[in-house]
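Here is the structure we will look at.
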Amino acid sequence: MVARIDLHEEQMSVLKELEALLGAGQVLTGEAASPFLVDWRRRYQGQALAVVRPGSTEEVAAVVRLCNLHAVPVVPQGGNTGMCGGATPDESGRAVVLCLTRLNKVRAIDTDNDTMTVEAGCILQSLQEVARAAGRLFPLSLAAEGSCTIGGNLATNAGGTQVLRYGNTRELALGLEVVTAEGEIWHGLRGLRKDNTGYDLRDLFIGSEGTLGIITAATLKLYPLPVAQRTAMLALNTMEDAVTVLSRARAGFGASLTGFEVMAGPVLQAVVRLFPQQRLPFEGASAQSPWFALLELSDSESAEHAQERFESVLGAAIEDGLVTDAAIAENIAQSKAMWHLRESIPLAEAELGKSIKHDVSIPISLIAKFVQTTNAALQVKFPGIQNIVFGHLGDGNLHYNVARAPHQTEQDLLAMQYDVYGLVHDSVHAHSGSISAEHGVGQLKRDELTRYKSPLELKLMKQIKDALDPKGLMNPGKVLQS
Ligand code: FAD
Ligand code: MLT
Ligand code: ZN
């Protein structure tokens, strides 16, 4: 539903100027704008003066200059798959949503430098394909890769399933092109692996969720394609066992360990119940296991070498009773099916109704204790509440989500959101963790942030914001209070 907004004269003239800049077809209002005004999880419904779709960096800069002149807030948006409402405008209807998906060119691939320079609106999956076609790997991978954009990945410093080996999006970026809050273009598309020439502006814009400027292009690192890959799904009794197997896999595979995901049994069991075309690679008691892990080895030597290493580490884990059952993918189709199970979890979760999501990181050595103590404390305070626990164990990152108790409605659950946050985030803090590992802050966690960041950290962040965006027009109300 798009509310009718009475536009006063200045807003009408901004709309006209936007149309003159971009062409009327690229300035959306009314029903045409509505898909851009609600977030993926349907937790936020905003309003906007217009959704604009510039087709070049120069057009982005011109839109930002115009908005700056008229004090119109700008909300950058990529694929709109973010989990924290960062790309959704507020309800005032004053902002312009600046959609970057028409900036979708691959500007250059340099296989000697192992880099590619791409525009912000490129869909992540298409970049993986472009790299592969050039005989290289672009390793960023997440379940939303078919619709999220590289600009959004950079703006949120997205993580995903390959961080263990290749790092977060930040580690994959060498240079950026950015339109500043005042509409200037910073040409920072450097392809350098060493560059110590003062403050790192690139790293300031990465992870800033559109609050400091608009990323219009990036120079990204490429890697060699693995020669062979092995994937396995493991059944385990406890989170402690999963942590021990992770530690052994790290020791045994070194940098070849490219993924280690953990999933609570009921979570994966819900996936196959909701999506019956998918199957667990286990039968009987193993299929009812309390925990599962998915691990991936990427070998740079040969398939035989990969198999040997895989069997020695997994064989010992089974012998020592850490793993109760293991399914090793025998071909690419089986490997894909295992990953598909894992990647279907957010969709299954959405099918089950609204949940309270926590995207937390904890030192790996404390994760099992965190899960045990937090589960117990939640049951005492919110009896019957259900845990949906999964995540990137290799990075110490858990999606420690909470669904309603059987006797509750969705509304009951949402009414408890900040009490549940309080309990879980205090526990995260007590275990030396972070309340946002990879999804960012957006509007969802903005107020929570003030509970855990020190006053000095918050003051420094605010000073950076004021220096780069003096009028406070870049994605206001996200990350920091405006
Ligand atoms: P959007 O949602 O459009 O925007 C996200 C934020 O970035 C907003 O604050 C927006 O204002 C800002 N922004 C977008 N583009 C730009 C730009 N060019 N310049 C400046 N600011 C910009 N995230 C993970 O980290 N790991 C996962 O494993 C993961 N899995 C997911 C699975 C599913 C099924 C879904 C739906 C989401 C998942 N996400 C995951 C969250 C999401 O996909 C990421 O945050 C992604 O990086 C967002 O990209 P986007 O293009 O959709 O950005
Ligand atoms: C994932 O790891 O699947 C994502 O971060 C999405 C989610 O948390 O739902
Ligand atoms: Zn995740």
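Estimated from helical segments only, the mean residue ellipticity of the chain at 222 nm is -11000 deg cm²/dmol, where each DSSP H run of four or more residues counts as -39500 (n - 2.57). Remark: C-alpha extents of the range 312-357 on the principal axes read 41, 26, 13 Å, sorted largest to smallest. Using only Cα atoms, find the angle between the long axis of helix 9-22 and the longest principal axis of the chain, and express it within 0 to 90 degrees, rounded to the nearest 10. Value to nearest ten degrees: 70. Expressed as a whole percent, the accessible area of the range 5-112 that falls on carbon and sulfur atoms is 49 (1.4 Å probe).
With all protein chains in place and a 1.4 Å probe, the accessible surface of the range 221-377 carries 54 percent carbon and sulfur. Taking only the C-alpha atoms of the range 277-351, the Rg (one decimal) and the largest Cα-Cα distance, Dmax (whole number), read 14.0, 42 Å. Atom-type composition of the exposed protein surface of the range 116-158 places 50 percent of the accessible area on carbon and sulfur (1.4 angstrom probe).
By the Stokes-Einstein formula, at 1.002 mPa s and 20 °C, the range 1-144 with its Kirkwood radius over alpha-carbon pairs has D equal to 130 µm²/s. In the chain, the sites counted are GluC sites (Glu not before Pro) in DSSP loop states with at most 14 other Cβ atoms within 10 Å, and the longest stretch holding none of them, exclusive of the sites, is 331-482. Could you report the chain's accessible area per residue, 1.4 Å probe, as an integer in Å²? Solvent-accessible surface per residue comes out at 43 Å². Evaluated at q = 0.16 Å⁻¹, the base-10 log of the normalised Debye intensity for the range 115-193, with identical point scatterers placed on the Cα atoms, takes the values -0.60.
Normalised by residue number, the volume inside the convex hull of the Cα atoms of the range 373-416 is 71 Å³ per residue.
Taking 12 Å as the cut-off, the amide N atoms of the range 161-197 that come nearer than this to a point 7 Å along the Cα-to-beta-carbon line of Asn113 belong to 174-176, 188-194. Helix 57-69 and the longest principal axis of the C-alpha atoms of the chain enclose an angle of approximately 60°. Distance from the C-alpha centroid of the range 131-149 to that of the range 431-482: 29 Å, rounded to the whole angstrom.
Placing one equal scatterer on every Cα of the range 192-268 and applying the Debye formula, the log10 ratio I(q)/I(0) at q = 0.22 Å⁻¹ is -1.00. Using only Cα atoms and rounding to the nearest 10 degrees, what angle (0 to 90) does helix 265-274 make with the longest principal axis of the chain? Taking the Cα atoms of the chain, the angle to 265-274 is about 70 degrees.
Shown here: the range 136-264, whose C-alpha atoms stretch 55, 28, 28 Å along the first, second and third principal axes, sorted largest to smallest. Here the simple spin-label model places points 7 Å from the Cα toward Cβ, and for Ser482 and Arg42 these points are separated by 2.7 nm. Evaluated over the Cα positions of the range 86-157, the convex hull gives a direction-averaged projected area, one quarter of its surface, of 5.6 nm². For the range 253-300, the fraction of alpha-carbon pairs lying more than 13 Å apart is 62 percent, rounded to a whole number. Put a dot 7 Å past the Cα of Asn331, heading toward its Cβ, do the same for Val380, and the two dots end up 5.3 nm apart. Shape analysis of the chain yields a ratio of the Cα radius of gyration to the Kirkwood radius, Rg/Rh, of 0.98.
The values are calculated or read from the model by the stated rules, or taken from the named source; none is laboratory data. All values derive from a computational prediction rather than experimental measurement. Cβ atoms come from the backbone with ideal geometry, glycine included; neighbour counts cover every protein chain shown. Accessible surface areas use protein heavy atoms only, side chains included; no ligands, DNA or RNA. Shrake-Rupley method; radii C 1.70, N 1.55, O 1.52, S 1.80 Å.
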